[in-house]
1. Could you list, in sequence order, the residues of segment 123-154 that are hydrophobic (A, V, I, L, M, F, W, C), open to solvent by 20 Å² or more (accessible area, probe 1.4 Å) and either in contact with a Cys (Cβ under 9 Å, 6 or more places away or on another chain) or outside any helix (DSSP H, G or I) (or both)?
2. May I ask you to list the residues in segment 306-323 that are farther than 15 Å from Ser78 by Cα and not hydroxyl-bearing (Ser, Thr, Tyr)?
3. Of all residues in segment 73-96, which are touching a residue at least 40 places away in the same chain (Cβ under 8 Å) and more than 23 Å from Leu330 (Cα to Cα)?
4. Being in contact (Cβ under 8 Å) with a residue 40 or more places away in the chain, surrounded by 18 or more Cβ atoms within 10 Å (Cβ to Cβ) and outside any helix (DSSP H, G or I) is the filter here, so list the residues in segment 253-283 that pass it.
5. State all residues of segment 155-165 that are farther than 13 Å from Arg301 by Cα and either surrounded by 24 or more Cβ atoms within 10 Å (Cβ to Cβ) or among the hydrophobic types (A, V, I, L, M, F, W, C) (or both); if no residue qualifies, say none.
6. Return only the number of the condition from (1) at pLDDT below 95; (2) in contact with a Phe, Trp or Tyr (Cβ under 6 Å, 6 or more places away or on another chain); (3) open to solvent by 30 Å² or more (accessible area, probe 1.4 Å) that Ser170 does not satisfy.
7. Filter segment 173-196 down to the residues that are of a type in the set (A, V, I, L, M), more than 14 Å from Thr325 (Cβ to Cβ) and open to solvent by 20 Å² or more (accessible area, probe 1.4 Å) and list them by number.
8. Of the residues Ala164, Ala176, Ala197, which is at pLDDT 95 or above and under 25 Å from Ala53 (Cβ atoms)?
Amino acid sequence: MTNNEFTTGRPGRRMKAVVIPEFGGADVLTAAEVDVPEPGPGQVAIDVAYAGANFAEILYRQGLADVPLPFVPGIEVSGHIRALGDGVEGLAVGQPVAALTIVDSGGYAEVVVTAAELVAPLDAHPRLGLDLAAALPSNSTTAHLVLSQVARLQPGERVLVHAAAGGVGSQLGQVARRLGAGRIVGTVGSPAKAESARAFGYDEVIPRDQVAGAGEFDVVVDMVGGPARRAGLDALAPMGRLIVMGNASGADDVGLSANELWLSGKTVSGFNLAAFSAAFPAAAGRALRHVVAAAADGGLRVRVAELPLDRAAEAHRRIESGTTTGKLVLKVAGTEI
């Protein structure tokens with residue numbers, strides 16, 4: 001990771017951040033000084049303790065998402081409220097929080113601004129460390145929304161999750177269990193990940209290329225794409241629902257026939273947390289606060305590994321390699337970059 005200086009926003013106080021100055025590989029991530037953002041109406045500024053590392057930030061870095069350069073990535077954080085914008089109620093300066101910063105990003109920095117609706121106070125959960133709290137807003141909130149609001153999972157239904165050992169996958173198995181699913185099967189890309197996936201709520205874990213022999217499912221969640229997407233659609237029972245929420249394989253898009261859906265009685269839905277949070281911030285915030293409470297009472301477990309912010313490029317390489325299990329968070333507070 002290189003060092004440089006960039007100016008974003010209006011000139012003023014400066015802070016340390018990791019920015020994307022140009023699209024490319026992990027090495028383009030650059031340590032920089034940028035202006036400290038100020039909260040607008042309905043927003044809060046947060047002194048960042050930890051920022052989650054996610055596949056979404058890799059898409060930003062690769063130029064697969066339309067973001068302005070230079071760009072500060074970071075879709076979720078934990079920390080303490082620094083300042084309140086006009087009209088914000090129910091939150092206080094100094095309060096510990098977890099927050100979704102996915103709408104405008106910016107979490108790989110000492111200070112970030114986000115909508116107050118996308119913030120979850122941590123006062124009532126003193127045993128929930130800030131490292132763990134930073135691992136919840138993206139993956140755990142996504143898992144809850146996908147299964148409860150998009151798939152509308154019913155007790156006793158059968159669920160298949162691709163990439164079961166990953167950050168989102170490790171949460172989907174547990175949320176399905178909490179919602180009363182009858183059979184929960186996860187797929188993994190390598191045998192080394194099977195044991196990790198079994199620890200997160202799955203009844204069975206199978207290789208991704210063996211879905212055809214695993215039976216029928218009422219809900220399939222796919223963030224892999226390519227052959228896994230086609231196999232998931234084929235595995236759906238009548239009135240089954242395929243939820244598309246990623247393309248980690250980088251495969252070409254899978255064409256789906258509307259007539260096939262009509263004749264088989266199947267449904268395909270998409271879910272994107274950034275789009276959902278922008279359109280429905282109050283609902284996204286409620287889901288975030290729900291999963292924070294669930295993690296605090298032990299109902300949701302997250303396996304967290306920590307790196308300092310100055311090793312953000314390494315975090316990206318680990319995620320891109322497909323070898324990670326659980327969640328990577330970047331320690332921001334006190335890190336020299």
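The values are calculated or read from the model by the stated rules, or taken from the named source; none is laboratory data. What you see is a predicted model; the values in this text were computed from it and never measured. All Cβ positions, glycine included, derive from the backbone under ideal geometry; neighbour counts span all protein chains shown. To get the accessible areas, we keep the full protein, side chains included, count just its heavy atoms, and leave off ligands, DNA and RNA. Shrake-Rupley method; radii C 1.70, N 1.55, O 1.52, S 1.80 Å.
1. Ala124, the sole residue that qualifies.
2. Across segment 306-323, the qualifying residues are Asp310, Arg311, Ala312, Ala313, Glu314, Ala315, His316, Arg317, Arg318, Ile319, Glu320, Gly322.
3. Selection gives Leu84, Gly85, Asp86, Gly87, Val88, Leu91.
4. Answer for segment 253-283, where residues must be in contact (Cβ under 8 Å) with a residue 40 or more places away in the chain, surrounded by 18 or more Cβ atoms within 10 Å (Cβ to Cβ) and outside any helix (DSSP H, G or I): just Phe271.
5. Residues satisfying the conditions are Val159, Leu160, Val161, His162, Ala163, Ala164.
6. Going through (1) at pLDDT below 95; (2) in contact with a Phe, Trp or Tyr (Cβ under 6 Å, 6 or more places away or on another chain); (3) open to solvent by 30 Å² or more (accessible area, probe 1.4 Å) one by one, Ser170 breaks only (3).
7. If the condition is that a residue be of a type in the set (A, V, I, L, M), more than 14 Å from Thr325 (Cβ to Cβ) and open to solvent by 20 Å² or more (accessible area, probe 1.4 Å), then Leu179 is the only one that fits.
8. Result of the check over Ala164, Ala176, Ala197: Ala176.
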